[in-house]
Every structure is written in C-alpha cells, then in structure tokens.
Amino acid sequence: MTVSSVVPHHVAIVMDGNGRWATKRFLPRLAGHKQGVDALRRCVRACIQRGVRVLTVFAFSSENWNRPADEVSGLMSLLATALGHEVPSLSKEGVQLHFVGERQGLSAKVAAGLVQAEQATAHNERLILNVCFNYGGRWDVAQAAAQLAARGEAITEASLNAAMALAHVPDPDLFIRTGGEHRISNFLLWQCAYSELFFSPSLWPDFDDAALDAALHDYASRERRFGKTSAQVQTTGASAMRA
Ligand code: FPP
C-alpha cells in the first residue's frame with residue numbers, strides 16, 4: 001500500500017462522467033453507465049483492500065428522472081441486471097448492501113430486488129456499500145422531518161440525524177466527485193457538513209485504483225478541525241477524528 005496510514009472510514013462518491021466517457025467514443029450514454037458498473041465493482045474491491053469500511057455512491061438522483069426516457073429506463077434495467085450479476089460476488093467479498101432513497105416510483109420488480117439484496121448481504125461486515133438510488137439530499141432532510149412530525153417528536157439535530165436515511169453509518173470523511181465538476185449536486189447535504197471534498201478530473205469509468213489512491217493521499221494530508229483551531233487539533237491529535 002502506497003497511501004498514508006490515515007484511511008477514511010467512510011468515502012462517498014458522486015460517480016460523474018459516464019455520459020461524457022461514452023460520447024467521446026461515439027457510443028450511447030448507456031454504454032458509459034455500463035462501464036460505470038465495472039468501475040464501481042473495481043472501486044469496492046480497492047476500498048476493501050485499503051481499509052475503507054463504508055462506501056456510499058450516488059447511482060440515480062431524484063432529478064435524474066428528468067433525463068431522456070430511454071436513459072432512465074436503461075439505468076433501471078442496469079440496476080436490475082447488476083443486482084442479479086453482482087450481489088453473489090459482492091456478498092462473497094463481505095459487502096453489506098443498503099439501497100438508500102425513495103422506493104416509491106421504482107418498479108415492483110426492482111423494489112423487490114433491492115430488499116432481497118439487502119437481506120442476502122445483511123450478515124456481511126467487511127464493507128458497507130450504500131447505493132443511493134432515487135435519492136436526493138433535500139428529499140432525505142424532508143423525509144426525516146416528516147417522520148418526526150408524524151410521530152410528534154421535537155426536531156433537533158440528534159433526532160433529525162437518527163431519522164435520516166444514512167443513520168446506520170457515521171458521516172462521510174471523504175467526499176469524492178469524479179468528472180471534473182465542482183458541485184455537490186444534492187448528494188448527502190446533511191451528512192457532508194464536515195467531510196473533506198475531493199474533485200477528481202477522471203471520468204467515472206476511468207476512475208481506477210491510482211485515481212482512488214490520489215484522493216486518499218490528498219485526504220491524508222488534510223487537517224480536520226471540526227470548528228476548532230489548528231493549535232487545539234494538534235494538541236488533541238484530532239486531525240483523524242471522525243464527526
Ligand atoms: C452520472 O454521470 C452518472 C449517473 C447518473 C449514473 C451513475 C450510475 C452508475 C455509475 C452505474 C452504477 C449504477 C447502478 C445502476 C448500480 P453522467 O451521466 O451525468 O455523466 P456526464 O456528466 O458525463 O453526462
């Protein structure tokens with residue numbers, strides 16, 4: 001391993017650039033998304049090897065419904081195919097799968113496949129893989145607030161946090177966006193309050209182990225202060241502390 005020993009516990013990734021990867025090759029956009037599944041498989045393995053314990057990826061946003069109908073249906077089929085092909089090998093590698101996002105609006109077949117995949121991998125402990133599908137950061141804050149309101153509970157940081165869709169994992173330490181754009185695009189708005197941001201120029205299908213290592217290496221050089229001063233952090237050694 002060539003990267004520093006400060007490995008982020010939780011890495012979140014906006015897997016951007018599939019469309020451009022395909023267009024550059026005169027291929028349909030869906031070919032880029034297919035290649036994106038391969039890149040995700042590779043990234044999961046690399047994260048396991050490097051000691052990352054939680055990986056959260058943005059696979060389909062609440063706003064992606066506005067894409068051309070054939071791309072939306074292609075992404076839905078890709079998810080269904082990936083569930084069939086990938087879950088057994090992911091499970092063998094110790095991956096616990098969670099699908100995070102609004103289930104309403106998904107076909108009954110896809111929705112059932114998500115539940116099955118979660119149940120089949122629930123016992124695994126090497127890496128938690130959260131696949132955000134039909135997800136938006138604003139949707140998550142709103143659904144958490146709606147849950148509290150329905151139960152008549154007070155809205156506090158702690159109660160909202162517990163009602164968020166990612167309550168089963170700590171906040172991301174490192175947020176990566178591939179594809180060269182410098183935007184958060186409605187991903188993990190609540191959870192990224194203190195995440196370190198890294199923007200990779202690689203298009204997602206090209207995001208290989210070296211590109212991941214570049215992000216991890218950069219992360220290891222950051223001083224995480226969580227609102228404290230640099231002097232405070234240095235005396236308490238809190239730079240590797242998680243939120
Ligand atoms: C953004 O690239 C990517 C997506 C909207 C889809 C991401 C999906 C995958 C990586 C496949 C894995 C997902 C499943 C179904 C498990 P873009 O299309 O916005 O690229 P562009 O910015 O180059 O147009």
Rank these for me by crowding, 43, 192, going from fewest to most other beta carbons within 10 Å.
192, 43
Residue with peak Gaussian network fluctuation, the chain [Cα springs, cutoff 10 Å], from 226, 207, 199
226
Need the full-extension length gain, residue 102 to residue 231, defined as separation in residues times 0.36 nm minus the C-alpha distance. One decimal, nm.
42.1 nm
Least to most buried among 176, 128, by other C-beta atoms within 10 Å and fewest first, runs 128, 176
Amide H contacts under 5 Å for residue 134, restricted to residues at least 5 apart in sequence or on another chain and with H modeled in the peptide plane, are 60, 61
Considering the chain as a Gaussian network with a 10 Å cut-off on Cα pairs, which listed residue, 62, 73, 202, attains the greatest mean-square fluctuation?
73
On a C-alpha basis, how far is the centre of the range 71-100 from the centre of the range 122-155 in Å? Whole number, if you could?
20
Only counting other Cβ atoms within 10 Å, I'd like 58, 133 sorted with the fewest neighbours first.
133, 58
Treat each spin label as a single point 7 Å out from the Cα along the C-beta direction, and report the residue 77 to residue 93 distance in nm.
2.5
Theoretical ellipticity at 222 nm over the chain - DSSP helices of four or more residues, -39500 (n - 2.57) apiece, nearest 500:
-14000 deg cm²/dmol
Could you check the spin-label model distance between residue 184 and residue 85? Points 7 Å from the Cα along Cα→Cβ, value in nm.
3.4
Run the count for the chain, please: Lys pairs, Cα-Cα under 26 angstrom, 8 or more apart or on different chains.
4
Between residue 196 and residues 5 or more places away or on another chain, the pairs with built amide H atoms under 5 Å apart involve 174, 175
A chain fully extended from residue 168 to residue 45 at 0.36 nm per residue, minus the present Cα-Cα distance, gains in nm 42.1 nm
Can you give the FRET efficiency for residue 154 and residue 27, using 1/(1 + (r/R0)^6), R0 = 51 Å, r = Cβ-Cβ distance, to the nearest 0.05?
0.45
Taking springs between alpha-carbon atoms closer than 10 angstrom, which of 78, 203, 27 fluctuates most in the Gaussian network model of the chain?
27
Phi angles of the range 42-55, converted by Karplus (6.51 cos²θ - 1.76 cosθ + 1.60, θ = phi - 60°) into ³J(HN,Hα) in whole Hz with x for Gly and Pro, give 4, 5, 4, 4, 5, 5, 4, 4, 8, x, 5, 9, 9, 10
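FYI, it's all coordinate maths here, none of it is from the lab. Predicted, not measured: the structure shown is a model, and the values here were computed from it. Cβ coordinates were reconstructed from backbone atoms using ideal geometry, including for glycine residues, and neighbour counts include every protein chain displayed.
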